[in-house]
Amino acid sequence: MASICTLPQGLENGFGDMPKDVTDGIAAYDADALIQMDRFRDGLALSAQELLQTHASLPREVHYVADLRRWLLSQATIAIHFEHQLNPALAPISPSRVQQALHGAGIASRNTIGTFLSELHRYAFIAPIGSQDGRRREYRATERSEALIRHYFNIHLRSLDLIDGGGRHVIACAHPDLLPSAQSRFAKKLCEHVLWHHPAQSIARFVRSDSGSSVLHDLVSSAPETNRLANAPIWVGPVSPAEFSRKYRISRMHVARLFAEARAAGLMGWARESNRGDCWISPILVHDYRHWQALKLAAVSQAFRDAYAEAFPG
C-alpha cells in the first residue's frame, strides 16, 4: 500500500513554521454545511474512488471493516490504542475498553467484541501485551494497522481538501504525529452519533452487510454530479451481480440478495425483468448515502481541526 504524501518544497521533513495558506486550510464543518458546498460531490467521489481502489488491492484487510459494525469496532479499537499511546495511564485495547468506547451504540455485545479482537490478533492487526494477570486480554495495534488507518484517514483529508481547497493532507504528511489525536477524536464522534451507526433504512441494508458499503459507493458514484436531485429514477448504466462479485471478490449470491432487497424496496431496478443490463437507482438512495457520508467527512474535519489546534495552540 503506497503512502501518498507529496509535500511543498521546504516541508519535506515536517520542520519549521507551516505557510499561512496551508494552516488556514483546516476549517471544520457540520454535515449540512458540507452538503451545500459546490465541490462536495467531487470530494465524495474522490474518497469513494480511493476506498474502492483500497478494497480491490487489499481485499483481506478490508474484510475486517467490510460492514458497519466491524468498521465501528475497528475504529474504536485503534482509537483506544492511540489514546493509550498518548497517555499510558489509560488502559490499552481490551474487550471492556472497546465496549466502553462504543458509547452505548448498541452494535455489539461483549462476546462479539471479544471474538472480533481474537480475529484481529489471529491476522496480526493487533498483538497481545504481556500482563501479570493472565485472565486479562490486552492488546496493542501493530504497525500494519497503524499504516492502514493512516491510509484511510488521509483519503478523507484529501477529499475535504478537494471540497474546500484546504491543506489538511499537507499538514498531516508534515506532522504524522497528529494522527493519534485526530483519529481518536474522529472515532469518538462517530461512535456517539446515532445517525451514523443507525443510518437511514435505504442504505442500512447495504452498509450492514459484508462489503455492502463498496457496492453502495460504486452504485452512487454514477449518479449526477449535482447536489440537487430530481424525483425521477437515476439511470447508472449496466449493473449485474456477477460484475460486482468479480470486482469486490464477494459471493455472487450475496450481491444478488442485496440487489433483490433494494429492488423490492423500490431503491433500484432494471430496464428488463432480470437483474442485469441498464439499471436505475432511487434519488432517495443517493440522498441518504450522501448525507450519511457527510457525517463522516464532517467528523474528520472537526477531529483534525481540534487535533491541530491542540498541537499548535495560537
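The values are calculated or read from the model by the stated rules, or taken from the named source; none is laboratory data. Since the model is a prediction, treat every value here as computed from it, not as a measurement. As a convention, Cβ positions derive from the backbone with ideal geometry for all residues, glycine included, and neighbour counts pool all protein chains shown.
Test each condition in (1) polar (S, T, N, Q); (2) part of a helix (DSSP H, G or I); (3) over 21 Å from Lys188 (Cβ atoms) for Asn275 and report the one that comes out false.
(2)
Only one of (1) surrounded by fewer than 20 Cβ atoms within 10 Å (Cβ to Cβ); (2) in contact (Cβ under 8 Å) with a residue 40 or more places away in the chain; (3) of a type in the set (D, E, K, R) is not met by Glu143, so which one is it?
Against the list (1) surrounded by fewer than 20 Cβ atoms within 10 Å (Cβ to Cβ); (2) in contact (Cβ under 8 Å) with a residue 40 or more places away in the chain; (3) of a type in the set (D, E, K, R), Glu143 comes up short only on (2).
Among Gln75, Gln100, Gln36, which is the only one that is more than 30 Å from Gly166 (Cβ to Cβ) and in the same structural domain as Gly166 (by TED's automatic domain parsing)?
Details: Gln75 fails: more than 30 Å from Gly166 (Cβ to Cβ); Gln36 fails: more than 30 Å from Gly166 (Cβ to Cβ).
On inspection, the qualifying residue turns out to be Gln100.
Any idea which of Phe206, Phe244, Phe259 is under 27 Å from Ser301 (Cβ atoms) and among the aromatic types (Phe, Trp, Tyr)?
Details: Phe244 fails: under 27 Å from Ser301 (Cβ atoms); Phe259 fails: under 27 Å from Ser301 (Cβ atoms).
It is Phe206.
In the stretch 190-248, which helices (runs of 4 or more DSSP H) lie fully inside it and hold 2 or more residues that are buried (at least 20 other Cβ atoms within 10 Å of the Cβ) and polar (S, T, N, Q)? Steps first, answer last, please.
Details: elements: 194-197, 201-207, 212-220, 241-248.
In the stretch 190-248, 212-220 are the helices (runs of 4 or more DSSP H) which contain 2 or more residues that are buried (at least 20 other Cβ atoms within 10 Å of the Cβ) and polar (S, T, N, Q).
Restricting the search to the stretch 79-102, which residues are among the hydroxyl-bearing types (Ser, Thr, Tyr) and either more than 21 Å from Arg144 (Cβ to Cβ) or part of a strand (DSSP E or B) (or both)? Break it down stepwise before answering.
Filtering the stretch 79-102 for residues among the hydroxyl-bearing types (Ser, Thr, Tyr) gives 94, 96.
The answer is Ser96, and nothing else.
For the stretch 246-298, give me the residue count where each residue is closer than 14 Å to Val236 by Cα and touching an Asp or Glu at 6+ places or on another chain (Cβ under 7 Å).
Residues flagged as closer than 14 Å to Val236 by Cα and touching an Asp or Glu at 6+ places or on another chain (Cβ under 7 Å) within the stretch 246-298 amount to 2.
Against the conditions (1) crowded, with 19+ Cβ neighbours inside 10 Å; (2) within 25 Å of Leu195 (Cα to Cα), where does Ser109 fall short? Just the number, please.
(1)
Pairs please, first residue from the stretch 84-113 and closer than 28 Å to Asp177 by Cβ, second anywhere and among the small types (Gly, Ala, Ser) and crowded, with 18+ Cβ neighbours inside 10 Å, Cβ atoms under 6 Å, 6+ apart in sequence or on different chains.
Val98/Ala76; Ala101/Ala76; Leu102/Ala76
Does Trp292 satisfy the criteria of being within 24 Å of Cys191 (Cβ to Cβ) and not aliphatic (A, V, I, L, M)?
Working: within 24 Å of Cys191 (Cβ to Cβ): yes; not aliphatic (A, V, I, L, M): yes.
Yes.
Would you please name the residue that is nearest to Ala187 (Cα to Cα), looking only at residues in the stretch 110-131 that are part of a loop (DSSP other than H, G, I, E, B) and over 22 Å from the mean Cα position of the chain (by Cα)?
Of the stretch 110-131, the ones part of a loop (DSSP other than H, G, I, E, B) are 123-125, 129-131.
Filter once more, so that each one left must be over 22 Å from the mean Cα position of the chain (by Cα): 129-131.
Values: Ile129: 23, Gly130: 26, Ser131: 27 Å.
Filtering the stretch 110-131 for residues that are part of a loop (DSSP other than H, G, I, E, B) and over 22 Å from the mean Cα position of the chain (by Cα), the one nearest to Ala187 (Cα to Cα) comes out as Ile129.
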